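The structure under discussion appears below in the form of structure tokens.
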Amino acid sequence: MKALNSSHFELFGLSEGFAIDREALDSAFRRVQSAVHPDRFGAGTDTERRIAMQLATQANEAYRTLRDPLLRAAYLCELHGADPQVHSNTAMPGEFLLTQMEWREQLEHLESVESGEAGAPLAVLRGQIDQARAALLAKLADALDRQREFFLASGLVRQLMFVERFNEDLSVFEDRLESS
Amino acid sequence: MALLQISEPGMSPEPHQRRLAIGIDLGTTNSLVATVRHGVPEVLADEEGHLLLPSVVRYREDGRLDVGEEAMRLAAVDPHNTIVSAKRLMGRGLEDARKLRSPYEFVDAPGMVKLRTRAGEKSPVEVSAEILRVLRVRAEQSLGGELVGAVITVPAYFDDAQRQATKDAARLAGLEVLRLLNEPTAAAVAYGLDNGAEGLFVVYDLGGGTFDVSMLRLTKGVFEVIATGGDSALGGDDFDRAIVEWALEETGTVEHQQTAGSSVIDSALGSGVLTSGDLRAMLVEARRAKEALSDHPLTTYSVRLSDATRVTLPLSQQRFEQITRALLDRTLNATRRVLRDAKLGADQVSGVVLVGGATRMPQVRAAVGQMFGKPPLTDLDPDKVVALGASIQANLLAGNRSADDDWLLLDVIPLSLGIETMGGLVERLIARNSTIPVARAQEFTTFKDGQGAMAIHVVQGERELVADCRSLARFELRGIPPMAAGAARIRVTFQVDADGLLSVTARELSSGVGASIQVKPSYGLSDDEIATMLQSSFVSAEQDMKLRALREQQVEADRMIEATRAALAVDGDLLHTAERQDIDTLVNRLIAVRAGDDLAAIRAGVDSLARGTEIFAGRRMDRSVAKALAGRKVDDVAP
């Protein structure tokens, strides 16, 4: 069955690439789900419902993957034989690791400081994270769409994953500060 | 054929058959049943014109039972046999049940707590089934026919055990469950379709015993749940309880030891100062007072106890807010968490829909209005909106398609699913707020030579330790082909379906052998217990079991025949002549056996047709997807 064996991009009728038209993706997702969702087959046969479940599951997975830049980049690497292996591969450039450690230390320091004093240094750290993230995304766009260097990209994906993890921890801290 | 109803000519644009389906709001405090009639959703009334059925069951001295208003009347004088808010006990063990501080006699039973009544030990599932049965009968009488099925709503924050318990209750009541629908989603559908709304909406649903808050995006008829949260053990009942505790403390009725986890109520019951009947009477009066304070700034809390003493205290709206502030804050914290999960701000929300009788409290409306910077939407009756939404979905799932049915619900799982790993830790498998249906695969291997089986423990929750999460089930995989330790590659696929229920399949990759799975749910009733209950219940006493099975299979055959014919009419061009002939043959064979009463033959016929139309179904789906992406609606007639 064609749909079940297609890539996430093919399923939504989108051209493969890191750059993505978000609106086109959202619209395609809604349209495909409207066509394949099991709820559409209330009067259908068991076979139809089973296939519907598989396709709806696939559509959800495709949407989840394509709408997140990190997941999308990782997926593109996988499609081209350069699986970033984010769970097992921890190789990282030394400079990058140093920056990560610095950020961690700064966050730990902020957590122990008076909430009134945290504002300014927090803003600085937040700025650094946002900048690092934007830089990595730009490099990924270049590696994936222009250079088509997928092994290079897979290394960038691993770095981005670290940045995103720290980003989440920072957001949790920001929320706590806000609600105190 | 009892399932099909002929509607008047000109009444509907569709072919003349309408499948009868209902939506049921099985609430903690009140239950309702609704259906879509002539294209309009409506709540069905009983013979006296009442729409709400109090979720109360009383087991009487004469062996019969009362459900609803009648049962409620004698709650205070018959506290152990009058079961109120059974929903709070569904899928719960003894420890959780005790926290409710209800006047019942609990029995510790494996799987789910039971209640000791004069009619024997009753499971909350049985109690809920009695309520569902009343609603089923009401609907059948009102609609004048047999039902295809029902959509039953559950709190979005209900875990797997609570959902399974709800499904079991429906089975006992003789209802086919078309879908377990999350209550906030049901409300959003009713509201959204009523108003043609678009944008981001929050549903704040405070019922009698549960609190749900969901954020949805409505776009061109697709209702997408973005994030959901709540507390399945927090509701209007807890506000009542707070009043009772306040009253006990104010009157110095009990010397309260401030020990952690204990409550004034426990002390009062334990020391004999209060009887179970007294507690029930105090709770009933607390509810009355709470409701009165929604419209008046002051009320008098007055209740007569069994020893003829009377507790009389003035209670102001202000004091009430004070003693329940902590409860309100819990709802607000859950709401903030949903906003965080959705990565959206309160200012991006187009509207907040209030659901559930407890949202009539002024402090709730004020707090919600303040958080979102705009007054909440209350134009739909907060008591009815969930049932109406359920009926709309039931109508769709039953297969009553009509031209303006281009809407779809995309819901999410409320709690993360994980598996237990070494050291009692949880490895997260599927994150909360993942859109369903969702599947994830994980590879495992063996640690002993020749190991033929393994157990996987699945839990629900957000914590790191298994002990802090809710155990869902243990899956035992058997039939792993003998191999050296670590050589086997067992791919386990966890699938959550559109009802939010989990199923597990496994395959050893190098040999391709599928492992058989045995599910041991951590809570709930076993198949044997259900079978026993079914045997002793009203429904199966009516019909012979065998006859029932035959009937079900015949219905299934009819559905398949009709669905196949409909599919051929629209997409027959996808088949070569020979393929078409093969399918026609299978259909005719099934029609032939269906006319008889050979159960096995009908079942075989159904299976053959299913297998024989597999490829056809695949091609139809491909065409659907292509059409959808090309921007045309699936139902457009193509030349």
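The values are calculated or read from the model by the stated rules, or taken from the named source; none is laboratory data. The structure displayed is predicted, hence computed values, not measured ones. Here the Cβ is made from the backbone with ideal geometry for all residues, glycine too, and neighbour counts use every protein chain on show. The protein model used for the area step is the full one, side chains on, heavy atoms only, and it has no ligands, DNA or RNA in it. Shrake-Rupley method; radii C 1.70, N 1.55, O 1.52, S 1.80 Å.
Here are the numbers:
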item	result
Conditions (1) crowded, with 22+ Cβ neighbours inside 10 Å; (2) of a type in the set (A, V, I, L, M); (3) at pLDDT below 95: number failed by B:ALA233	(1)
Checklist (1) at pLDDT 90 or above; (2) surrounded by 14 or more Cβ atoms within 10 Å (Cβ to Cβ); (3) within 30 Å of B:ARG171 (Cβ to Cβ) applied to B:ARG559, failing item	(1)
Given (1) under 14 Å from B:VAL202 (Cα atoms); (2) at pLDDT below 95; (3) open to solvent by 20 Å² or more (accessible area, probe 1.4 Å), number of the condition B:MET371 does not satisfy	(2)
Sole exception among (1) away from every other protein chain (no Cβ under 12 Å); (2) open to solvent by 60 Å² or more (accessible area, probe 1.4 Å) for B:GLU443, by number	(1)
Long-range neighbours under 6 Å by Cβ, at least six apart or interchain, first residue under 19 Å from B:ASP237 (Cα atoms) within segment B:289-308, second open to solvent by 30 Å² or more (accessible area, probe 1.4 Å) and hydroxyl-bearing (Ser, Thr, Tyr)	B:SER302/B:THR312
Every residue from segment B:1-26 that is at pLDDT 95 or above and more than 25 Å from B:ASP558 (Cα to Cα)	B:ILE24, B:ASP25, B:LEU26
Matching residues, segment B:484-506, being crowded, with 18+ Cβ neighbours inside 10 Å, more than 27 Å from B:THR185 (Cβ to Cβ) and touching an Asp or Glu at 6+ places or on another chain (Cβ under 8 Å)	B:ALA488, B:ILE490, B:VAL492
Exclusive hit being away from chain A (no Cβ under 14 Å) and without any contact (Cβ under 8 Å) to a residue 24 or more places away in the chain, set B:GLY270, B:GLY192, B:GLY230, B:GLY236	B:GLY270
Subset tally (residues that are open to solvent by less than 10 Å² (accessible area, probe 1.4 Å) and within 21 Å of B:ARG60 (Cα to Cα)) for segment B:90-112	1
Flag if B:ALA161 is farther than 30 Å from B:LEU274 by Cβ and under 12 Å from the mean Cα position of the chain (by Cα)	yes
Of the criteria (1) more than 19 Å from the chain's Cα centre (by Cα); (2) within 14 Å of chain A (Cβ to nearest Cβ); (3) open to solvent by 10 Å² or more (accessible area, probe 1.4 Å), which one B:THR312 fails	(2)
Selection count where residues are at pLDDT below 65 and either open to solvent by less than 80 Å² (accessible area, probe 1.4 Å) or in contact with a Pro (Cβ under 9 Å, 6 or more places away or on another chain) (or both), scope segment B:526-540	3
The one condition in (1) within 14 Å of another protein chain (Cβ to nearest Cβ); (2) open to solvent by less than 90 Å² (accessible area, probe 1.4 Å); (3) among the acidic types (Asp, Glu) that A:GLU168 fails to fulfil	(2)
Listing of strands (runs of 3 or more DSSP E) fully contained in segment B:68-185 that carry 3 or more residues being touching a residue at least 12 places away in the same chain (Cβ under 8 Å)	B:82-84, B:114-117, B:149-154, B:177-182
Top-ranked residue in segment A:7-21 [being among the aliphatic types (A, V, I, L, M) and within 10 Å of chain B (Cβ to nearest Cβ); ranked as surrounded by the most Cβ atoms within 10 Å (Cβ to Cβ)]	A:LEU11
Condition met for B:LEU200 (surrounded by fewer than 22 Cβ atoms within 10 Å (Cβ to Cβ) and closer than 17 Å to B:VAL368 by Cα)	yes
Elements of type helices (runs of 4 or more DSSP H) contained in segment B:549-639, each with 1 or more residues being closer than 27 Å to A:ALA35 by Cα and away from chain A (no Cβ under 13 Å)	B:577-594
Within segment A:69-109, considering residues that are open to solvent by less than 50 Å² (accessible area, probe 1.4 Å) and not in a helix (DSSP H, G or I), the one farthest from A:LEU137 (Cα to Cα)	A:ASN89
Search result, residues across segment A:120-153 that are under 21 Å from A:SER15 (Cβ atoms) and open to solvent by less than 30 Å² (accessible area, probe 1.4 Å)	A:LEU140, A:ALA141, A:ALA143, A:LEU144, A:PHE150, A:ALA153
Verdict on B:GLY236 being among the small types (Gly, Ala, Ser) and within 31 Å of the chain's Cα centre (by Cα)	yes
Segment B:486-514, residues that are farther than 26 Å from B:ILE436 by Cβ and charged (D, E, K, R)	B:ARG489, B:GLU508
Wholly within segment B:379-430, strands (runs of 3 or more DSSP E) carrying at least 1 residues that are away from chain A (no Cβ under 14 Å), charged (D, E, K, R) and more than 19 Å from B:TYR191 (Cα to Cα)	B:417-421
In segment A:46-67, the residues that are closer than 12 Å to B:ASP497 by Cβ and among the aliphatic types (A, V, I, L, M)	A:ALA52, A:MET53, A:ALA56
Residue check, B:VAL438 open to solvent by less than 50 Å² (accessible area, probe 1.4 Å), under 23 Å from A:TYR63 (Cα atoms) and out of contact with any Pro (no Cβ under 7 Å at 6 or more places or on another chain)	yes
Selected residue (only one of A:LEU98, A:LEU25 is of a type outside the set (D, E, K, R) and modelled with pLDDT under 95)	A:LEU98
First in segment B:461-479 and assigned to a loop (DSSP other than H, G, I, E, B), second anywhere and buried (at least 19 other Cβ atoms within 10 Å of the Cβ) and at pLDDT below 85, Cβ under 6 Å, 6 or more apart	B:GLY479/B:ALA515
Test: residue in segment B:541-548 that is modelled with pLDDT of 70 or more, open to solvent by less than 80 Å² (accessible area, probe 1.4 Å) and out of contact with any strand residue (DSSP E or B) (no Cβ under 7 Å at 6 or more places or on another chain)	yes
Residue match in segment A:22-29 (condition: within 14 Å of another protein chain (Cβ to nearest Cβ), open to solvent by 30 Å² or more (accessible area, probe 1.4 Å) and within 21 Å of B:ARG620 (Cα to Cα))	no
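Each row is one residue, and each column tells you yes or no for (1) touching a Ser or Thr at 6+ places or on another chain (Cβ under 9 Å); (2) within 26 Å of A:VAL163 (Cα to Cα); (3) of a type in the set (D, E, K, R).
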site: A:GLU16; (1), (2), (3): yes, yes, yes
site: A:HIS37; (1), (2), (3): no, no, no
site: A:ASP68; (1), (2), (3): no, yes, yes
site: A:LEU71; (1), (2), (3): yes, yes, no
site: A:ALA74; (1), (2), (3): yes, yes, no
site: A:LEU79; (1), (2), (3): yes, yes, no
site: A:ALA82; (1), (2), (3): yes, yes, no
site: A:GLN85; (1), (2), (3): yes, yes, no
site: A:SER88; (1), (2), (3): no, yes, no
